[in-house]
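See structure below.
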Amino acid sequence: MTGQGHPNLADVFSKLNCWRHLPAYRLESVLTPYFGLFLRDILREAIETEVHPLIIPEFPLRIGTLYPNNVRRPNQSKKVDYVAFSKNLRKTYFIELKTDSQSFDCSQLEYLVEAKKRKFRCILEGIKCICKATKGDYTKKYVHLLHYLSELSFVDSTYNKLHNLAISDSRRGWKKAVECGVKINEPVPEIIEIVYITPTGRELEECKEERLRKEVSEEIGFCQIATLIQSRGELGSMFANYLREWKTPAGAADPRKFRAAP
């Protein structure tokens, strides 16, 4: 791109392709929306699952729910990159994205397995606990999360009251409204499946604990995804081409390959 040109999608992916090789650059967080756009297609083809249109990124898992004996920070949370649901809302999919083969973490898989054991209703109860403990501007964000869950018919909420309390920052009123006005419905999905998206589709081999590995339903590699999305317009074609390149570990390329342009 020249100084007089206008940035376009090709410039975005070219910049990401350069920066991903830098020591502290985290490609995963930047690519979250791109994978999110194609996630329904990926799951439909890779694991033959029709997915509900509503997908929630950075879904919170309450630490006190995963580990009931943790009394130091029970209302803090771990995050799942995406949570998706089968179209009939009978299954929940915890989807973890890895863009670097070296970023796989067995401890992360450990807490996903713990969440899987707890069932989704228990996870929703944990979100209620987090909501009650939340204060300040974060209450406004949890109103949005509750709205998503209501769109899926998993909870009923008195939204007008919650929204007004979140804006006014009435701490006591907010806690009481969550406790009395947020109801978890029946049924909620009974089955949780764990899915990984990784560069080669073989990163789980790095986990030495078989008990954890066997809890993962599917590991989907970048090349498999590239084949699935390459015909999905300009974005799909461009993203597919870079996914094939990003199968190679970050840092492995000769830095002289990249032009040091602003």
Requested in this report: Considering every residue within segment 157-166, establish whether at least one is of a type in the set (Val, Ile, Thr), touching a Cys at 6+ places or on another chain (Cβ under 9 Å) and closer than 27 Å to residue 118 by Cα.
Outcome: yes
Query raised in the report: Which residues, counting only those in segment 17-31, are crowded, with 16+ Cβ neighbours inside 10 Å and either in a helix (DSSP H, G or I) or modelled with pLDDT under 90 (or both)?
Result: 17, 18, 27, 28, 31
Query raised in the report: Within the set of pairs 6 or more residues apart or between chains, which connect a residue that is on the phi < 0 side of the Ramachandran plot and among the small types (Gly, Ala, Ser) inside segment 41-66 to a residue that is modelled with pLDDT of 95 or more and part of a strand (DSSP E or B) with Cβ atoms less than 6 Å apart?
Result: 46/220
Report task. Collect the residues in segment 236-259 that are farther than 16 Å from residue 23 by Cα and at pLDDT below 95, keeping them in residue-number order. Result -> 245, 247, 256, 257, 259
Requested in this report: Find the residue count for segment 42-69, including only residues that are in a loop (DSSP other than H, G, I, E, B), of a type in the set (Val, Ile, Thr) and either in contact with a His (Cβ under 6 Å, 6 or more places away or on another chain) or more than 21 Å from residue 185 (Cβ to Cβ) (or both).
Outcome: 2
Query raised in the report: Is there a residue being at pLDDT below 95, over 30 Å from residue 19 (Cβ atoms) and surrounded by fewer than 17 Cβ atoms within 10 Å (Cβ to Cβ) anywhere in segment 197-208?
Result: yes
Report task. Scan 64, 136, 126 and give me the residue that is more than 20 Å from residue 215 (Cβ to Cβ) and surrounded by 15 or more Cβ atoms within 10 Å (Cβ to Cβ). Result -> 64
**Report entry** Lone unmet requirement of (1) in a loop (DSSP other than H, G, I, E, B); (2) free of Cβ contacts under 8 Å to residues at least 40 places away in the same chain; (3) closer than 23 Å to residue 61 by Cα for residue 219
**Finding:** (1)
Query raised in the report: Restricting the search to segment 70-119, which residues are among the polar types (S, T, N, Q), surrounded by fewer than 21 Cβ atoms within 10 Å (Cβ to Cβ) and assigned to a loop (DSSP other than H, G, I, E, B)?
Result: 70, 75, 76, 88
Report summary line: Okay, helices (runs of 4 or more DSSP H) sitting entirely in segment 120-175 with 1 or more residues that are in contact (Cβ under 8 Å) with a residue 40 or more places away in the chain, farther than 23 Å from residue 64 by Cβ and out of contact with any Pro (no Cβ under 8 Å at 6 or more places or on another chain), I get 138-151
Query raised in the report: When the residues of segment 146-188 are filtered to those that are among the hydroxyl-bearing types (Ser, Thr, Tyr) and farther than 17 Å from residue 136 by Cα, which remaining residue is surrounded by the most Cβ atoms within 10 Å (Cβ to Cβ)?
Result: 157
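Residues checked against (1) under 22 Å from the mean Cα position of the chain (by Cα); (2) of a type outside the set (Phe, Trp, Tyr):
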position: 163; (1), (2): no, yes
position: 167; (1), (2): no, yes
position: 173; (1), (2): no, yes
position: 194; (1), (2): yes, yes
position: 199; (1), (2): yes, yes
position: 239; (1), (2): yes, no
position: 242; (1), (2): yes, no
position: 246; (1), (2): yes, no
Report summary line: Checked 11, 41 against criteria (surrounded by 12 or more Cβ atoms within 10 Å (Cβ to Cβ) and out of contact with any Leu (no Cβ under 9 Å at 6 or more places or on another chain)); the one match is 11
Query raised in the report: Hey, residue 106 hits all of (1) out of contact with any His (no Cβ under 8 Å at 6 or more places or on another chain); (2) farther than 27 Å from residue 30 by Cβ but one; which does it fall short on?
Result: (2)
Query raised in the report: Among the residues of segment 166-173, is there at least one that is out of contact with any Asp or Glu (no Cβ under 8 Å at 6 or more places or on another chain), at pLDDT below 95, at negative phi and of a type in the set (Ser, Thr, Tyr)?
Result: yes
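The values are calculated or read from the model by the stated rules, or taken from the named source; none is laboratory data. The structure displayed is predicted, hence computed values, not measured ones. Positions of Cβ are backbone-derived with ideal geometry, glycine not excepted, and every protein chain shown enters the neighbour counts.
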